[in-house]
Amino acid sequence: MPLTTLSILTLLPNQRRWGFAQMGTAQRPLQRVPGLRFQKLLGSGAGGFGALPNLHRYGFMAVWDDEQAARAFLDKHPLWQQYRQRTSEIWTAELAPLKSHGLWDGVNPFDYANETGAADGPMMVLTRASIRLRKTPRFWRYVAPVSASIADAPGVRAAIGLGELPVVRQATVSLWDSAQAMQDYAYRSPKHKEVIRLTRQEDWYGEELFARFRVLRTAGTWDGVAR
């Protein structure tokens, strides 16, 4: 059965240059990893959601053929071992998609069958978009403050802004105590509902994807917390 993982990596203070370089140089070895069917190495925003980059923190999202492929990479692969040596902490979640619609580089990587059952327990939500260049000022004016507010919503364990390219290819990841907590925010927050309305009205995105996951298990720490 396929498996999705998300890792949040916090580099050691003297590893900023190395970490930034990996956004380009890591692509070739990642393309050769057995059982890795989809992957994105992602930068993060300053302060969690800012347009400027945080050169100490990165995300790695992957879809694997099965759990064995994921464990082989995370336990033994030379590239991941370099990350382990150059980070102060790594937090990894194993995820099962519950709902996913839209596209990421022309595909929906999370559209696969699984046997997770009911959506109880912790959940992760991913929203990802390619922003039309002429729309970026409006997007950042309205969306960035709302995205940052997610981190303080009731029931949120952690949240972060990630992206493939600064300003124009962005994602928000949020970890929730439960589906109910997530739905309460989505349907009751006036600011969130207004952003959804503006997104449709102003056609901000050239491509977008929304996915909801059940958190199967986590390992490591994120800001010193197991999450």
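Grab the chain and count how many Lys pairs have their alpha-carbon atoms under 21 Å apart, sequence gap of 8 or more, or different chains. Please report the intermediate quantities before stating the final value.
On the way: K40/K76; K40/K99; K99/K193; K135/K191; K135/K193.
Lysine pair count for the chain: 5.
In whole percent, how big is the carbon plus sulfur part of the accessible area of region 25-94, probe 1.4 Å, protein atoms only?
On the way: 1640 of 3350 Å².
Using a 1.4 Å probe with all protein chains present, region 25-94 comes out at 49 percent carbon and sulfur.
For the pair A113/F20, report the inter-label distance in nm, with labels modelled 7 Å from Cα in the Cβ direction.
About 4.7 nm, to one decimal.
Cut-off 10 angstrom, C-alpha nodes, Gaussian network model of the chain. Which of P109, P53, P154 fluctuates the most?
P154
Starting from the amide H of Y205, placed 1.01 Å from N in the peptide plane, find each other amide H under 5 Å away whose residue is 5 or more places distant or on another chain.
Under 5 Å from the amide H of Y205: R132.
Using a 1.4 Å probe, what is the accessible area per residue for the chain, in Å²?
49
Choose one answer from Y187, Y83, Y205: the residue with the largest mean-square fluctuation in a GNM of the chain with alpha-carbon springs under 10 Å.
Largest GNM mean-square fluctuation: Y187.
Run the accessible area of region 124-227 with a 1.4 Å probe and give the carbon-and-sulfur part as a rounded percent.
Taking all protein chains in place, region 124-227 shows 54 percent carbon and sulfur surface.
So how much slack lies between L103 and Q81, counting 0.36 nm per residue of separation and subtracting their Cα-Cα distance, in nm?
Going from the current span to full extension adds 4.8 nm.
Would any residue of region 90-116 have its amide N under 16 Å from a label point 7 Å out along Cα→Cβ of E67? List them or say none.
Of the residues in region 90-116, 93-97, 114-116 have backbone N under 16 Å from the label point off E67.
In a solvent-free Debye calculation with one equal scatterer on each Cα, what is log10 I(q)/I(0) for the chain at q = 0.15 Å⁻¹, listed in the order of the q values?
-1.04
By how many nm would the segment from R197 to R138 grow when fully extended, if each residue of separation counts as 0.36 nm and the alpha-carbon distance is taken off?
19.9 nm
The values are calculated or read from the model by the stated rules, or taken from the named source; none is laboratory data. This is a predicted model, so every value here is computed, not measured. A quick note on method: Cβ atoms are made from the backbone with ideal geometry, for glycine too, and the neighbour counts reach across all protein chains shown. Accessible surface areas use protein heavy atoms only, side chains included; no ligands, DNA or RNA. Shrake-Rupley method; radii C 1.70, N 1.55, O 1.52, S 1.80 Å.
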